[in-house]
Structure formats: structure tokens, C-alpha cells
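See below for the structure under consideration.
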Number of protein chains: 2
Amino acid sequence: MVSIKDVATESGLSVATVSRALNGHPSVSDGARERVLAAVESLGYRPNVVARSLRTDRTGTIGLVISDVLNPYFTELARAVEEEARALGYSVIIGNADERADLEDHHVRGLLERRIDGLLVSPADGRSPMTLEAAAGPTPVVFVDRWIPGADAPVVRADGRDAIRDLVDHLHSLGHRRIAVITGPTATTTGRERIDAFREALAEHGIPLPEAYIGRGDFQAESGRLATERFLDLPEPPDVVFATDNLMALGALDAIAARGLRVPEDIGLAAFDDIPWFSHTDPPITTIAQPTAELGRVAVRALASLIAGEPTSSTVLPAHLVVRRSCGEPATPPQTDRAATGGAARE
Amino acid sequence: MVSIKDVATESGLSVATVSRALNGHPSVSDGARERVLAAVESLGYRPNVVARSLRTDRTGTIGLVISDVLNPYFTELARAVEEEARALGYSVIIGNADERADLEDHHVRGLLERRIDGLLVSPADGRSPMTLEAAAGPTPVVFVDRWIPGADAPVVRADGRDAIRDLVDHLHSLGHRRIAVITGPTATTTGRERIDAFREALAEHGIPLPEAYIGRGDFQAESGRLATERFLDLPEPPDVVFATDNLMALGALDAIAARGLRVPEDIGLAAFDDIPWFSHTDPPITTIAQPTAELGRVAVRALASLIAGEPTSSTVLPAHLVVRRSCGEPATPPQTDRAATGGAARE
DNA sequence: CTGAAAGCGCTTACAG
DNA sequence: CTGAAAGCGCTTACAG
């Protein structure tokens, strides 16, 4: 590989001058700059970022550890993060924890050893010791979507509580009284928030939530399928199921279809996280939409200010209910779908 | 940050011995090893991968440049790549080209400067000069899914030609004669292969493909929507539309739904790329499934052998037709959906 | 405006 | 089994 030394030789200048020319340092003569550029061109020189990073102690890279890349919610988040990071001059390295604490550990450790300038993490598990250690350490950390209570790092997330209350109002107004839920891992903040808010909203309507109507899921499709099968095996199956993320809703659809049942005639379905496909499932799915891309952008900006040593605070953005047809016909006409969600993931 | 020198001081050994102990070098006494580990623990030492990479000239990292992370096909591919890479001891850095040649260039250049050990790329554009340069340069390169004809690098891809012929047979047997297609960018090999194979298969049946029935798309949802709107505006709209990737099929569904039309009664729809949602759209979508995860795994193994200096060849895997209900009722009962596709993306 | 030199944190022949 | 030393490719005070 051709190094800066080769460029120096070729251009008849010192490596110091070559380095300055390449980094746009003001005190380089036009002549020197031209000779450097010519040498770079003829040699096909490509600066070694590894060496530069070692010297400058910054890599121009941020890490993003998410729980599941196959989850369209996180895919959209990751994309927004990359775009905003690129705009600010950072590259991003994504680690996929696949909802596993050990993989989360693996990626956080790897990213730290790689000397990323900052870390964005949506913890798969509130108990991952490496993530806790990272938040306490010198590398700037920002939590996005999920967080670890007590850890010393800003949090950028959506609050789904109001939207969940709206959802329960909606279900109640449609006459549903036997309402089941598929939860996420209780080790995650979003998992806990969603079940807690749901339980409270049901209580406000005096609707019970028996143990049999609670399916313990893990935010992945298979768990949604299994939980739904158990609901359907009950002597008194629920009227409607609330899957607290989009993949578990997909699993629920699988289970319902496998029995030849219809949504919403045989059983209703609501979800958390809006994704483009929910407009085109049979029937379109009523769901709670998060400002996903905005979360990603805000998180990156928060991390960038942390890296710059500026004071940085947490941000909470609202989520909102998108009524479609999967819980039955609404009393009021549904809001126009396209305006509410069509652009979000495909802008 | 605590460095290897601090560990040496703390343990009363030289940095050389600390380095050997940390790297599992055989000639280190048990006593020394224990003291090193104790010092690492008490100091919270984390090796600096940047420094190691500079010294060893390998980063333990491979790059993956794909055209669109929001495309579930590429998401699944990326995930398989990461899993296989991790199994082989590599990290992967993903660059999202968003179907733009300039972004592809940006990422390939960045990855090369970062001194990745090898590069996996699915070119957004056959004319990206950086990608061509990378393929010609010293860093091992493997193309996955798409490739650049003439570039000197192995290719791991699926061949969709037979499956496309099966699809056209299927459409023909259902009585469709006015058949339209939404193509991908002709700058991509997959874009060209799909339209070419489609055209040939139509010709075998003596079915014409008028210019008005060809929508030029870019593998993204919006282009599928626009192309479909134009088809629907035609004095004689097609019986059925073949969208040559899953996102353009989503866009087509958007356009069809926006006019209050039904699939397949008013217009049929077939797609390329199977994804879990296609089982649950209204109606379930007939599509061509690629062995996506396998492509990712094979590509990583090919790249790893290239890195190891072993001879490496290209691989072509077959794609196959999955008949569902979006083109009309099949003459023969549809194959069971779950076995064919359910596991692929959610294993 | 330019260059010589130190040093970032590691690894690894080389010598003992 | 262990250590002193060179060197990976850069950047950046320091001196001129």
C-alpha cells in the first residue's frame, strides 16, 4: 500500500507538508499543494484512517447498537441515524444484538475497542454489564428508543402512553371487552412502558386483564405467533389482541391465518410501530406510530453535542394512534392513511 | 484511556509480555498471565484495536455496501452477512448506498480508507468508478446479488431466469395476456436480468410487451407507485403487473389501493423477492423467492477465502416461484406457503 | 511556508 | 519465558 511517505518522495516534499496539504491546512503554498495532489493522483494514494485515528484519538465514527435489524422499526431508525451522522461528518457502525444480552455485550465491547467517538444504544437487556460500563465510561453514550434507568446518559425516545390510552378508548368504543396483549421483554423499558400503560388504560375502563390474556413475547415474530396460538386455544378467546411491536403482530397474523380465521371478524388485532406494510395487510392494521426517523436524527445530534463537550439533555417525542380496520369498523371514519404514515418510512 | 503501558507498569512486566499474554501467545508463564489479567481487570484496560490494526495491517473488519437498507431483501442479506462474518471472527461495517452511485462511491472510499480486510458489494450502479477501482485494487472484493460485468471479482448471486419463466407460465395459464412489468435500474445486473428474462418468457408464449407496459423503476417504492398509476391511466390497462422487486410491489399496492381497486379482481400483481409480509398482504402476493440468507453466507465465506489468499470462484444459486393469490386463482392448488417461505426471514 | 522529530498504542522479530 | 527496540502511517508542536 502506498503511504504518505511515498507521496512525499514523489512530490519532493516532506511528509509534514503532504499531511498539511491533504488536511487543508492554510499555511501550504499553492505550488506545494499542487505537487502533492499530482503525486496522490499518480500514485493512487489513499490515506490510512487507522493511522490518523491512532494519532488524533478520534475515529470519526459512531456506533449504533440496536436489538434487531430485521425489525423494520429499527431498520428505519438505523437509516435515519446513518443519514444524520453522515451529514455531521460521521460514519456509523451498526451492531445487531438480536434481542440477546450477550450479543449486545459483544458489540458494545467491540465498538469501544474500536475507539468509536460515541455510542448510540437501544439496549436489548437492561442488565447488559458492558452497556452500563460504557455509559459510565469516558466514551459519550446516548440511549435511543430504549434506555437503562439510572445509567448516566441522555435518552431520546417516544412516549407511547397517551397513544396506548387512545387505542384502548378505541377498542372500548368498538365494544371490545375481552382484550389480550402480547408484551415485549420486561427487561426493556419499552416493553414495560407498553404493558403498564395498557393495563392502566384498561383499568380506567374497568376492563380486567386476566393472566391468560397476557402473552409474554420478546419483540420477535415467533413469540407473537406462539402467544396468539395460546389465546386461540383458550375456552374464551379474546375479542382483540394488542401486539406491542410490529414483528409480534406479524407472528399473530401468521397464527390467525394458520387457523383459517379472519381479522377483525373472528379476532381483532392492533400493533405498536407503524410500517408501510400495515396499510396493505389483510386487513390494514390499526397501530401506534412513532416518529422513528426523527428519533434517529435527534439522537445523533445529541450524541454529536456530547462528543463536542456540550451540555446535552434527553428528548421525549410523542407517538400517536393510527386507526385502520383490524379491530373492527370504527364509529368515526378512519383518518386518511397516506397522510399519516405513508411518507414516514419512504421519504 | 488506560494503555498497555499502564498494564505493564501495574503488573510489573514489560509491554511485550503483556501483549503476548493478552493474545494467547504460548510462551507466557502462568504467573505472568495471571498478573496481567489481574492488572487488566483492576485498571479496566480495553485494548486499542486501532493501534493493533496499524501494526498488524489487518482490521478484522469487512465492509458491506448495499443499495438500500430499507429494502427487506437487503436487510435480510445484511443480517446473514453479519452472522456468518461474526462466526468467522470478522466485524462488518455496512454502507447504505440508497441506490445512488455517489453514495456508493462515498462508502466504498470510506471503507477502503478504513483499511477493511475485504469488501462485499452489491453495486447500485455499474458505473461507480470507486467500486471498479476497488475491484482492481489490493483489497479483496466479492460481489453479492448484483455485480459489475468485467470487474475482476467473484460473484455470489441468484439466477432468477428459470423462476421468471415459471411465473410467466403461471400468468399465461391463468389467462393473462396483457402483462406489464416494472423494471429496476438498467444500470444493475439484476435489473437487466429480470426484464430480459421476462421479455424472453413472454416471447415464448407469443405475448407482446408494448412500450406502454414497461414502467421504468428504481427498485424503490415510489417508482412502483408511479409506474402503476401510469398503467392504470392507460386506455387498456394491463391484466397483471410484475414488479421486479418487493418495494416496487409495495408502491404498486399503494397505487392500486388509492384508486379503490382490488387485487387480483381488477388487476393482478406479482413480485420479485419474497418477504414475510407477502403472506399477509391483501391478497397474499405471488412472488419469486431468493435464497437470501444463503447468498449472504456464501458471499462471506468466499470473501474470507480471498482474504486468506485461497482461490475463490463465483456461485450462482437458484430462485423459485412461490404461487399465492395475487394473480388470480391458480389452476393447481398453491404450494403450502409456510414451508416455502415462512422460515427464511425469521429463522 | 516548510521540515525534522516525537509520539499515538500496539506487535513481533531478535537476543538472551 | 521475558524484555528492549523498531516500526506501522499518520499529525502536530517546535524551530527556522
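The values are calculated or read from the model by the stated rules, or taken from the named source; none is laboratory data. Everything numeric here is computed off the predicted structure, so don't read it as measured data. Virtual Cβ from ideal backbone geometry, glycine too; neighbours counted across all protein chains shown. Side chains included, ligands, DNA and RNA excluded: accessible areas come from the protein's heavy atoms. Shrake-Rupley method; radii C 1.70, N 1.55, O 1.52, S 1.80 Å.
Normalised size of chain B, defined as Cα radius of gyration per 2.2 N^0.38 Å with N residues, equals 1.23.
Using 0.36 nm per residue, how much length does the chain from A:ARG109 to A:ALA38 gain when fully extended, once their Cα-Cα distance is taken away?
Details: separation 71, 0.36 × 71 = 25.56 nm, distance 4.12 nm.
Residue separation times 0.36 nm, minus the Cα-Cα distance, leaves 21.4 nm.
Once you keep just the Cα pairs under 8 angstrom separated by 6 or more residues, what percentage relative contact order results for the range B:4-47? Spell out each step's value before the answer.
Values: 36 pairs, mean separation 18.7, N = 44.
In percent, rounded to a whole number, it is 42.
Over all directions, average the projected area of the Cα convex hull of the protein assembly as shown and note it in nm².
Details: hull surface 137.8 nm².
One quarter of the hull surface, i.e. the mean projection, equals 34.5 nm².
Close amide H pairs (under 5 Å, H built 1.01 Å from N) link A:ILE288 with A:ALA271, A:PHE272, A:ASP273, A:VAL322, residues at least 5 positions away or on another chain. Applying 0.36 nm per residue to the separation of B:ASP169 and B:GLU265 and subtracting their alpha-carbon distance, the gain on full extension is 32.6 nm.
Roughly how many Å is it from the Cα centre of the range A:110-162 to that of the range A:190-206, as a whole number? The two parts, judged by their Cα centres, are 25 Å apart.
For A:ASP162 and A:THR186, the FRET efficiency from 1/(1 + (r/R0)^6), where r spans their Cβ atoms and R0 equals 25 Å, is about 0.70.
In terms of accessible area, using a 1.4 Å probe and ignoring ligands and nucleic acids, A:ARG199, A:ARG114 rank largest first as A:ARG199, A:ARG114. Relative contact order of chain B: 16 percent, from C-alpha pairs under 8 Å at least 6 residues apart in sequence. In the context of the full set of protein chains, residues of the protein assembly as shown present 40 Å² of accessible surface per residue (probe radius 1.4 Å, heavy atoms only). Simple point charges give the picture: +1 on the Cβ of Lys and Arg, -1 on the Cβ of Asp and Glu, and for chain B a dipole about the Cα centre of about 940 debye. The stretch between A:GLU329 and A:LYS5, if pulled fully straight at 0.36 nm per residue, gains 109.4 nm over its current Cα-Cα span. Taken residue by residue and averaged, Cβ atoms of other chains lying within 10 Å of the Cβ of B:277-288 number 4.
Set the Förster radius R0 to 41 Å, insert the Cβ-Cβ distance between B:VAL15 and B:GLU133 as r into 1/(1 + (r/R0)^6), and round the FRET efficiency to 0.05.
Values: r = 38 Å, r/R0 = 0.94.
Using R0 = 41 Å, I get an efficiency of 0.60.
Annotation for A:VAL316 and B:LEU234: the two label points, set 7 Å from Cα along the Cα-Cβ direction, are 5.4 nm apart. Per-residue ellipticity at 222 nm, computed for the protein assembly as shown from helices alone with -39500 (n - 2.57) per DSSP H run of at least four residues, works out to -13000 deg cm²/dmol. Surface calculation, 1.4 Å probe, protein heavy atoms: B:THR315 sits at approximately 40 Å² accessible. For a label point 7 Å from the Cα of A:ARG55 along Cα→C-beta, name the residues of the range B:112-126 whose backbone N is under 20 Å from it. Residues B:112-116 qualify, since their backbone N sits under 20 Å from the label point. Quarter the surface of the alpha carbon convex hull of the range A:4-47 and you get the mean projected area, 2.5 square nanometres.
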